[in-house]
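Please treat every number below as a calculation from the coordinates, not as lab data. On a predicted model such as this, the values are computed, not experimentally measured, just so you know. Note: ideal-geometry Cβ built from the backbone for every residue, glycine included; neighbour counts use all protein chains shown.
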């Protein structure tokens with residue numbers, strides 16, 4: 001069994017045959033033509049054809065914003081005039097569209113505004129549709145059986161038009177956490193990973209796609225498949241209606257799309273907003289305003305329900321070139337989480353400013369990851385207080401926030417009685433806690449059977465944290481993999497866990 005590591009973009013697990021989609025080759029002639037009127041007519045016909053297809057797709061999808069944006073590009077007068085301008089200079093229709101596509105994409109890609117920057121993807125998608133229509137190339141992906149789809153990339157319209165009945169999961173070479181494909185996958189509860197190099201030799205092979213860990217296992221045995229599948233049984237399958245004093249059910253989210261999905265599926269709040277994904281897939285640090293607008297939107301969306309925003313857990317496997325994080329022999333134990341934030345205080349303060357400003361619009365809490373000492377909490381709180389003073393001095397409005405920490409290291413467990421005196425709540429991150437306690441890399445396929453989330457040591461640690469938290473009068477939640485384990489639901493009730501935070505792929 002081979003394990004191929006990629007990036008998580010949509011949670012879930014899928015097992016089935018892989019279908020490798022290879023984009024049809026498109027050859028565009030750069031030779032000039034004297035038949036200008038003919039080429040203008042060909043371009044006009046292709047635009048009308050693409051528009052009809054988009055309107056048809058619009059009527060079949062709930063994700064109307066993307067398709068409406070594409071129709072607007074097809075109808076755009078400037079786009080039309082630019083293409084016709086090249087045709088009038090004796091370019092063929094397809095060559096003219098290509099030249100305009102490259103010109104517009106180059107213009108939008110250098111813009112700092114995120115919305116305008118992303119328009120280049122839409123322009124590329126629409127232009128390619130028109131080119132393929134002109135050349136008679138079919139870009140539809142027709143699925144006739146249940147498969148895991150592998151492709152270099154999927155255009156927004158391709159992702160929307162695929163028959164979801166047959167789609168078990170996505171594996172793409174490109175595309176980040178905020179790509180159209182990722183958002184669509186999460187909205188439809190389809191597991192997806194990116195960063196997987198496309199390989200036509202994999203076509204037809206059985207694979208297990210683990211969207212939680214961003215892994216794809218090639219031709220695994222049935223025992224391994226059963227173990228992974230059972231590991232991710234959802235707590236949403238558990239009937240909480242008959243349980244007195246049940247924990248609150250919160251959502252783990254990474255994007256606004258995740259938040260919408262969580263609300264739709266009955267989340268009582270957000271227990272973990274993984275903010276590092278705002279930093280990834282970019283060429284520079286997100287600004288305070290960019291972050292504020294995202295946090296504000298989620299806070300307003302939940303209308304007074306708790307929203308716990310975790311400060312960025314960058315480092316380890318979550319890196320971007322502009323961060324300048326050096327290569328480490330053991331990044332899981334290295335420069336990450338609160339260590340990164342306290343070392344890069346300017347970045348840390350920018351994020352805290354954005355969170356405090358967003359707290360005006362809802363019940364927002366702030367949570368620090370990878371804590372191992374009381375001193376780290378003290379330092380983080382000092383930064384928080386200094387930001388409050390700066391905001392007050394500048395006359396900017398900000399809200400009160402509760403302060404929490406992730407309990408995900410054995411060190412934090414053992415001093416949880418002391419840590420509880422410094423914060424308002426704990427959230428137990430069982431994924432890292434398990435790998436650090438058992439000395440097992442949770443991304444190592446060879447050790448999959450050794451990575452035991454039910455290990456007695458983990459259960460004892462959880463009980464210790466809950467007891468120490470409650471003695472200090474603070475709430476204790478859980479946001480790791482164990483939070484969605486049906487078999488332990490009643491154990492958590494007996495322990496007194498106050499909240500379980502999980503990926504909300506199904507209705508609670």
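Assorted remarks:
- Here the gap between residue 222 and residue 374, fully extended at 0.36 nm per residue and compared with their Cα-Cα distance, gives a gain of 50.2 nm.
- Relative contact order of the chain, pairs being alpha-carbon contacts under 8 Å that are 6 or more residues apart, as %: 15 percent
- In terms of surrounding Cβ atoms within a 10 Å radius of their Cβ, 461, 504, 406 rank from fewest to most as 461, 406, 504.
- Cα-derived Rg to Rh of segment 373-508, Kirkwood definition: 1.04
- Hydrodynamic radius of segment 160-229 per Kirkwood, over alpha carbon pairs, in Å: 13.0 Å
- Computing Rg and the Kirkwood Rh from the Cα coordinates of the chain gives a ratio, Rg/Rh, of 1.01.
- Value of Rg to Rh for segment 246-502 (Rh from inverse mean 1/r over Cα pairs, i.e. Kirkwood): 0.95
- Residue-averaged [θ]222 nm for the chain, counting only DSSP H segments that reach four residues, each worth -39500 (n - 2.57): -13000 deg cm²/dmol
- 4 °C / 1.567 mPa s Stokes-Einstein diffusion coefficient of segment 1-141, Kirkwood radius on C-alpha pairs, µm²/s: 76 µm²/s
- Spatial separation of Cα centroids for segment 367-419 and segment 72-109, in angstrom: 52 Å
- Highest-first arrangement of 369-378, 264-273, where packing means the average Cβ count within 10 Å: 264-273, 369-378
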